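A.B. asks: Okay, handing you the structure first.
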Amino acid sequence: MSKDNPEAFETFEFDLPPIRGFPELRWAGKRPFKSTQYFPAQKKESYGDPTDGWWNRLYWGDNLQVMSHLLREFRGKVNLVYIDPPFDSNADYKKTISLMGSKAESDYGSFEEKQYTDVWDGDSYLQFIYERLVLIRELLHDDGVFFLHCDQKKNHHLRQIGEEVFGPGFFQNEIIWHYENKLGTGGNKLDNNHDTLLVFSKNKGWMRRPVLVPVKVKKAQPVTQKIDGERIWLRDDEGNRLYKESEDDRKLGDVWTIPIINPVATERLGYPTQKPEALLERIIGCATDPGEIVFDCFMGSGTTQAVAMKLGMKFIGADINLGAVETSAKRLNTVRLGLASGQNDLFGKDGSSKPSRYYSGFEVYNVNNYDLFRNPVEAKELIREAMELQPLPSGNAFDGQREGYLVKIMPVNRIATRQDLNEVINGLDFKVFERRKAEAPNKPVERIHLVCMGHEPDLGSHLTLEAKKSGFDIQVMVTDLIRDKAHLHFKKSSDARLAIENGELAIKGFYPMNLLQKLSLESDAVEDWRQLVESVKVDFHYDGAVLTPAIVDAPGKGELVAGHYAIPADAATIRVKITDLLSESWEGEIENG
């Protein structure tokens, strides 16, 4: 079987032994998950150097596809998996976008950009989590541990799914993360001041080393001794029971008080639902040994990966949001450079000490050429424009019409499944079908075009079969944009001009059209193009495939990129990547000499 064969499948056993009375969570559309298609990955960027041959990895793509890709190399090899997945909060999470530089913020307005959505249709959320937990278990080492971060809304469902996947008896702990510094919300119920960490393993027990925490209030404790197998409370010569003062530290329990991130903390990146490094430092510190592999497939701002790097761990990260990947890469490169200069702010916290070695080099991959959408929230509108769909009346279950087909855009942030067809089936007009069948008995009563970003292989045939059960023949066409997007023409999102002047690379202009449109600005209305830029990366020896930046110009919030960079004497093909405030990028080349 070819390593890069996209048609190949990975299979795994998932048959739990029958246990009398073992509960199972059921939901609408629940189906077993015993195999997954292999998805290729393309290396796009490289930072630093490997340590003992190991490169850390960041993946941009649907984490189901990412984990399907990882199975071949990392099945049974990951020591710790931590995820902070969607909570089914019925909310959209946004980030405020404003022009770079203090002057820009006062001169121009800003807007809120959706980073990701946490709104689900019916029980699709439970199937989504279930399938990912199956793959996580396959990746986990026999002595590995899995932390699932959740809140009060779905933790009872997620625990049951976790127990079903990992098997009875392998649920280890329910940890309460109490954040005492959260502001109250008022209202007529108690404020929610904690999240839950559900801990599972493939073996009994998971603690690698105990964590000691300070005792806030010391108490007198009995002095005891085990005599003849029985614990005895010792007494003095006068018969009084003996006491001793409690120790300064105690062993960590299952209630952790860790403050949420201070609004002015240096680690705060403005990413929605960002978690504190102190929380991940405790999880990684007590559940792994240095040099082991840590995996987080809902990466967000890269907190797990940043802490893993500081603690001397290997790591893998994934996220479907390009903004998360860009934010994480920028953050990790800063950590990498800091470690090289001797800076590590985790020394001494929770008993941590300086690692004997760091695994700081990392690479960035795209999975399955997932480079069509910069923001999945806007994907449907992009597809409508590119396919030039004719609009349908409001309330229609379909997204438009094209060349005689009703077009349905399936979920673009994951593989489309048969369960996703429920909305399509419910949107079929059977009264119209009856009339069409009577008028032309030998012709399909409808033609439907499904547009997906990856899909189950029998998606189209399943929809045809469902219609046939009701006595109707329909014609179904499936377009997988990952493979079939070449004939679609998407709007060019940005442009730039490069020049070589006096031995320097000079960026003469940058025009991110999508960002300018959202800011309601013309390109000449921006005083300085650098106000639109998050980062500039420059590779002076581009090999035609992987960007290896010698310069990563990613200044802080109140600063601007330089825009001009000294060219080394041996530079050849110079590749430049400019990333705007929406995390959308332009890449171009210029030859030196």
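The values are calculated or read from the model by the stated rules, or taken from the named source; none is laboratory data. What you see is a predicted model, and the numbers here were worked out from it, not measured in a lab. Note that each Cβ is placed from the backbone with ideal geometry, even for glycine, and that neighbours are counted across all protein chains shown.
A.B. asks: Any idea which of (1) surrounded by 15 or more Cβ atoms within 10 Å (Cβ to Cβ); (2) at pLDDT 85 or above; (3) over 23 Å from the mean Cα position of the chain (by Cα); (4) in the same structural domain as L64 (by TED's automatic domain parsing) is the one S360 doesn't satisfy?
C.D. replies: (3)
A.B. asks: Checking the conditions here, which among G270, G302 is among the small types (G, A, S) and farther than 26 Å from K43 by Cβ?
C.D. replies: G270
A.B. asks: Another question, then. Mind checking which residues of segment 84-138 are of a type in the set (S, T, Y), part of a helix (DSSP H, G or I) and modelled with pLDDT of 70 or more?
C.D. replies: Matches in segment 84-138: S124, Y125, Y130.
A.B. asks: Hey, can you tell me all the residues within segment 305-329 that are in contact with a strand residue (DSSP E or B) (Cβ under 7 Å, 6 or more places away or on another chain), at pLDDT 95 or above and either farther than 30 Å from T117 by Cβ or surrounded by fewer than 24 Cβ atoms within 10 Å (Cβ to Cβ) (or both)?
C.D. replies: Scanning segment 305-329 gives M313, K314.
Every residue, every condition in (1) more than 21 Å from G205 (Cα to Cα); (2) crowded, with 19+ Cβ neighbours inside 10 Å; (3) not assigned by TED's automatic domain parsing to the domain that holds W27, yes or no:
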residue	(1), (2), (3)
L133	no, yes, no
R137	no, yes, no
G144	no, yes, no
L148	no, yes, no
D151	yes, no, no
K154	yes, yes, no
R159	no, no, no
F166	no, yes, no
H178	yes, no, no
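A.B. asks: Looking at segment 49-88, which of the residues that are within 21 Å of K202 (Cβ to Cβ) and hydroxyl-bearing (S, T, Y) is surrounded by the most Cβ atoms within 10 Å (Cβ to Cβ)?
C.D. replies: Among those residues, the one meeting the criterion is Y82.
A.B. asks: A further question on this structure: So, in segment 431-455, exactly how many residues are surrounded by fewer than 18 Cβ atoms within 10 Å (Cβ to Cβ) and under 40 Å from the mean Cα position of the chain (by Cα)?
C.D. replies: Final tally of qualifying residues: 1.
A.B. asks: For segment 537-593, give me each residue that is crowded, with 19+ Cβ neighbours inside 10 Å, under 15 Å from E45 (Cβ atoms) and among the β-branched types (V, I, T).
C.D. replies: V538, V576, I578, T579
A.B. asks: Let me ask something else about it. Has segment 382-399 got any residue that is under 18 Å from Q305 (Cβ atoms) and either modelled with pLDDT under 90 or outside the structural domain of V424 (by TED's automatic domain parsing) (or both)?
C.D. replies: no
A.B. asks: Within segment 142-176, how many residues are assigned to a strand (DSSP E or B) and under 21 Å from the mean Cα position of the chain (by Cα)?
C.D. replies: Final tally of qualifying residues: 7.
For (1) small (G, A, S); (2) free of Cβ contacts under 8 Å to residues at least 24 places away in the same chain, each residue gets a yes or a no:
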{"site": "H156", "(1), (2)": "no, yes"}
{"site": "F171", "(1), (2)": "no, no"}
{"site": "I175", "(1), (2)": "no, no"}
{"site": "N181", "(1), (2)": "no, no"}
{"site": "G186", "(1), (2)": "yes, yes"}
{"site": "N203", "(1), (2)": "no, no"}
{"site": "W206", "(1), (2)": "no, no"}
{"site": "P210", "(1), (2)": "no, no"}
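A.B. asks: Could you check segment 28-81 and list, in sequence order, the residues that are over 29 Å from A379 (Cβ atoms) and under 18 Å from the mean Cα position of the chain (by Cα)?
C.D. replies: Those that are over 29 Å from A379 (Cβ atoms) and under 18 Å from the mean Cα position of the chain (by Cα): V78, L80.
A.B. asks: Tell me, please, whether a residue that is touching a strand residue (DSSP E or B) at 6+ places or on another chain (Cβ under 8 Å), buried (at least 16 other Cβ atoms within 10 Å of the Cβ) and modelled with pLDDT under 85 can be found in segment 469-480.
C.D. replies: yes
A.B. asks: Out of V412, V424, which single residue is closer than 19 Å to G122 by Cα, in the same structural domain as P393 (by TED's automatic domain parsing), part of a loop (DSSP other than H, G, I, E, B) and among the hydrophobic types (A, V, I, L, M, F, W, C)?
C.D. replies: Within the list V412, V424, the selection yields V412.
A.B. asks: Take the residues in segment 256-267 that are surrounded by fewer than 11 Cβ atoms within 10 Å (Cβ to Cβ) and of a type in the set (V, I, T); name whichever of them is modelled with the lowest pLDDT.
C.D. replies: For segment 256-267, the residue satisfying everything is V264.
Matching residues to (1) closer than 30 Å to F170 by Cα; (2) in the same structural domain as Y125 (by TED's automatic domain parsing); (3) part of a loop (DSSP other than H, G, I, E, B); (4) modelled with pLDDT under 80:
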{"site": "E13", "(1), (2), (3), (4)": "yes, yes, yes, yes"}
{"site": "R20", "(1), (2), (3), (4)": "yes, yes, yes, yes"}
{"site": "P23", "(1), (2), (3), (4)": "yes, yes, yes, yes"}
{"site": "R26", "(1), (2), (3), (4)": "yes, yes, yes, no"}
{"site": "G29", "(1), (2), (3), (4)": "yes, yes, yes, no"}
{"site": "F33", "(1), (2), (3), (4)": "yes, yes, yes, no"}
{"site": "E45", "(1), (2), (3), (4)": "no, yes, no, no"}
{"site": "R57", "(1), (2), (3), (4)": "yes, yes, no, no"}
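A.B. asks: Here's something else I'd like to know. Output the residues belonging to segment 582-593 that are assigned to a strand (DSSP E or B), in contact with a Leu (Cβ under 7 Å, 6 or more places away or on another chain) and not aliphatic (A, V, I, L, M).
C.D. replies: Passing the criteria: only G588.
A.B. asks: From the list A554, A506, which one is modelled with pLDDT under 95 and among the aliphatic types (A, V, I, L, M)?
C.D. replies: Exactly one residue qualifies, and that residue is A554.
A.B. asks: Among the numbered criteria (1) loosely packed, with under 10 Cβ neighbours inside 10 Å; (2) over 20 Å from R250 (Cβ atoms); (3) modelled with pLDDT under 85, which one does K219 miss?
C.D. replies: All conditions pass for K219, except number (2).
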